[in-house]
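I have placed the structure first, in the form of structure tokens, so that the comments after it can refer back to it.
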Amino acid sequence: MFVFGTADDVFAMAVRVEENGKTFYSGAAEMTKDPTAKALFNDLSTMEAGHIEAFRSLRGGLPESDISNIVWDPEGLAESYLQATADTHIFTVEAAKTRLAKVSTPTEVFDMAIQFEKDSVAFFIGLKELLPDAKGKVEIDKLIKAEMEHIKMLSVAAKNFNETGIAGIA
């Protein structure tokens, strides 16, 4: 395979990943009894909404020629990578809802959220490599760092849960 699609396709995928995160965290906040965990999940949902806008703004700031250009993928690596990512839980809103419906403890929610963020970081690193524009890569780096901060926040919350316990899932 020599082409993957367009940069516009890439940005559409990034927005979908962030929409999935927003849905996941909103759902986790609704399920969680503990006020501290609920606040964290609500904050993360709001942050994901900000990332959606950041990707849309980044896409809007690129020249149309960059957006509509075909992304070349001579070895088929991007297509294979993004297809594998599409098959994981980060890619669809429905998958996030389905997985949330199966959890019964806060630890499971934290573990799922941390995995979601790790998968998002990996996805965005791969996505960044497909962009021809240096400015776009810098902006995606900022979003990657934000996702890494989410991992840190969730890890601290999970550790605090393990040490002190929280009320749990509704």
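Restricting segment 48-58 to residues that are at pLDDT below 95 and aliphatic (A, V, I, L, M) leaves a set whose member that is nearest to the chain's Cα centre (by Cα) is Ile52. Only one entry in Ala157, Ala122, Ala146, Ala167 is at pLDDT 80 or above, closer than 27 Å to Ala29 by Cα and over 13 Å from the mean Cα position of the chain (by Cα), namely Ala157. Scoring Val103 on the criteria (1) surrounded by 14 or more Cβ atoms within 10 Å (Cβ to Cβ); (2) part of a helix (DSSP H, G or I); (3) modelled with pLDDT of 65 or more leaves a single failure, condition (2).
If you go through segment 13-36 and keep only what is of a type outside the set (S, T, N, Q), over 17 Å from Ala95 (Cα atoms) and either in contact with a strand residue (DSSP E or B) (Cβ under 9 Å, 6 or more places away or on another chain) or outside any helix (DSSP H, G or I) (or both), you end up with Lys33, Asp34. Evaluating Phe124 against the criteria (1) without any contact (Cβ under 8 Å) to a residue 60 or more places away in the chain; (2) under 17 Å from Arg16 (Cα atoms) leaves one unmet condition, (1). One residue stands out in segment 42-65 among those that are surrounded by 15 or more Cβ atoms within 10 Å (Cβ to Cβ) and in contact (Cβ under 8 Å) with a residue 60 or more places away in the chain: the one that is farthest from Met13 (Cα to Cα), namely Leu44. Being among the basic types (Lys, Arg) and modelled with pLDDT under 85 is a condition met by at least one residue of segment 31-45.
The values are calculated or read from the model by the stated rules, or taken from the named source; none is laboratory data. Note that the structure is a prediction, hence the values are computed from the model and not measured. All Cβ positions, glycine included, derive from the backbone under ideal geometry; neighbour counts span all protein chains shown.
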